[in-house]
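Participant: My structure is below; once you've seen it, I'll send some questions.
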Amino acid sequence: VRLAVAMLKDTKGDISIHLPVKGDLNSPDFSVMPIVWQTLRNLVARAATSPFKMLGSIGKAGNKDLGQIPFGAGTAQLSPEANALLDSLANALKQRPMLQLNIEGTSAQAVDGPTLAGRVLHRRYQELLYRQLQEHGKQLPADIYSLDVPEKLQDRLLPQIYQALQQSGKVADMPSMPRRERHAWQRQQVLTYMASEPLYLRWLAQQRAAAIRSYLVEQGGVDVERLYLLDVDEKATADNNIVITRLHLDVL
């Protein structure tokens, strides 16, 4: 009931219900209140079962579910579709000041793992290059992850990454093979490990939740005090290479 009231109260604390009624005012059987109470019961039920679709109508998103924000495989970057949903959600939240939004970041190993592994490996190249620049007293960029790592340098850095993982038992020992095949084998070992590492999947889920909160605050104008990050779910399911980050409503 508290959630339903928060869904119905506007910025002035008023609850407005548009209820067209037909009847004969002169009839002793005519009564508006039963219709009003039935409408309120329906609104409470809708707020409990489909709160984000109800917010969709408030935020002028039609019947869209604003509680499911899609992300592409292996990325925390918001798509135009996700931006449109968050724009409508921000609009609705500003009209319903009693609502609190809880954001549950998610990731799915089967979908996110392979793409995420490539990103993580590239970040490791950047970190190693940054360390080398430090050791040689070279000029350092303001952002470590803006470094460009040429492919030839990546080839030289890969054995360092593989050997570190091998020493900690996270990848297999390299069997005897021709020299020209070693690089591809090591790279595949590293990527396979990174694709299934729970810490990387957890990091991605956290990045997705943070991206949603940042957008709602910076682009949507929602007070950050109304937005909370929940513990993430790294074992979510996905459909058509799309992973859904789930939102939940509460009352302030």
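Participant: Could you list, ordered by first residue, the pairs with Cβ atoms under 6 Å in which the first is in segment 68-91 and touching a residue at least 12 places away in the same chain (Cβ under 8 Å) and the second is crowded, with 21+ Cβ neighbours inside 10 Å and charged (D, E, K, R), at least 6 apart or interchain?
Facilitator: F71/R208; A73/D112; G74/D112; A76/R208
Participant: Now a separate question. Can you tell me which residues in segment 197-224 are loosely packed, with under 13 Cβ neighbours inside 10 Å and not in a loop (DSSP other than H, G, I, E, B)?
Facilitator: P198, L199, E218, V224
Participant: Collect the residues in segment 91-143 that are of a type in the set (G, A, S) and either outside any loop (DSSP other than H, G, I, E, B) or open to solvent by less than 70 Å² (accessible area, probe 1.4 Å) (or both), keeping them in residue-number order.
Facilitator: Of all residues in segment 91-143, those of a type in the set (G, A, S) come to 92, 105, 107-108, 110, 113, 117-118, 137, 142.
Listed by number, the residues that qualify are A92, G105, S107, A108, A110, G113, A117, G118, G137.
Participant: Okay, next question. Out of V222, V171, V190, V217, report the one residue that is more than 27 Å from G72 (Cβ to Cβ) and of a type in the set (V, I, T). Explain how you work it out, then say what you get.
Facilitator: Values: V222 fails: more than 27 Å from G72 (Cβ to Cβ); V190 fails: more than 27 Å from G72 (Cβ to Cβ); V217 fails: more than 27 Å from G72 (Cβ to Cβ).
Result: V171 is the single residue among V222, V171, V190, V217 that is more than 27 Å from G72 (Cβ to Cβ) and of a type in the set (V, I, T).
Participant: Oh, and also: Find the residue count for segment 225-252, including only residues that are more than 19 Å from P198 (Cβ to Cβ), open to solvent by less than 80 Å² (accessible area, probe 1.4 Å) and in contact with a Leu (Cβ under 8 Å, 6 or more places away or on another chain).
Facilitator: Qualifying residue count, segment 225-252: 7.
Participant: What number of residues in segment 48-67 are more than 18 Å from the chain's Cα centre (by Cα), touching a residue at least 24 places away in the same chain (Cβ under 8 Å) and part of a loop (DSSP other than H, G, I, E, B)?
Facilitator: Of all residues in segment 48-67, those more than 18 Å from the chain's Cα centre (by Cα) come to 48-51, 53-63.
Pick out the ones that are also touching a residue at least 24 places away in the same chain (Cβ under 8 Å) and you get 48, 51, 54-56, 58-61.
Okay, now just the ones that are also part of a loop (DSSP other than H, G, I, E, B), so 59-61.
So the count comes out to 3.
Participant: Please verify whether R246 is modelled with pLDDT under 95, charged (D, E, K, R) and part of a helix (DSSP H, G or I), treating the condition exactly as stated.
Facilitator: For R246, the condition - modelled with pLDDT under 95, charged (D, E, K, R) and part of a helix (DSSP H, G or I) - is not met.
Participant: Just to be sure before I move on: is A142 touching a residue at least 60 places away in the same chain (Cβ under 8 Å) and more than 28 Å from P198 (Cβ to Cβ) in the structure I sent?
Facilitator: Numbers: touching a residue at least 60 places away in the same chain (Cβ under 8 Å): no; more than 28 Å from P198 (Cβ to Cβ): yes.
It is false that A142 is touching a residue at least 60 places away in the same chain (Cβ under 8 Å) and more than 28 Å from P198 (Cβ to Cβ).
Participant: Please state which one of L86, L121 is at pLDDT 90 or above, in contact with a Leu (Cβ under 9 Å, 6 or more places away or on another chain) and more than 27 Å from Y145 (Cα to Cα).
Facilitator: Values: L121 fails: more than 27 Å from Y145 (Cα to Cα).
So the residue among L86, L121 that is at pLDDT 90 or above, in contact with a Leu (Cβ under 9 Å, 6 or more places away or on another chain) and more than 27 Å from Y145 (Cα to Cα) is L86.
The values are calculated or read from the model by the stated rules, or taken from the named source; none is laboratory data. Keep in mind it's a predicted model, so treat the numbers as computed, not measured. Quick reminder, even Gly has a Cβ in these numbers, built from the backbone with ideal geometry, and neighbours come from all protein chains shown. To get the accessible areas, we keep the full protein, side chains included, count just its heavy atoms, and leave off ligands, DNA and RNA. Shrake-Rupley method; radii C 1.70, N 1.55, O 1.52, S 1.80 Å.
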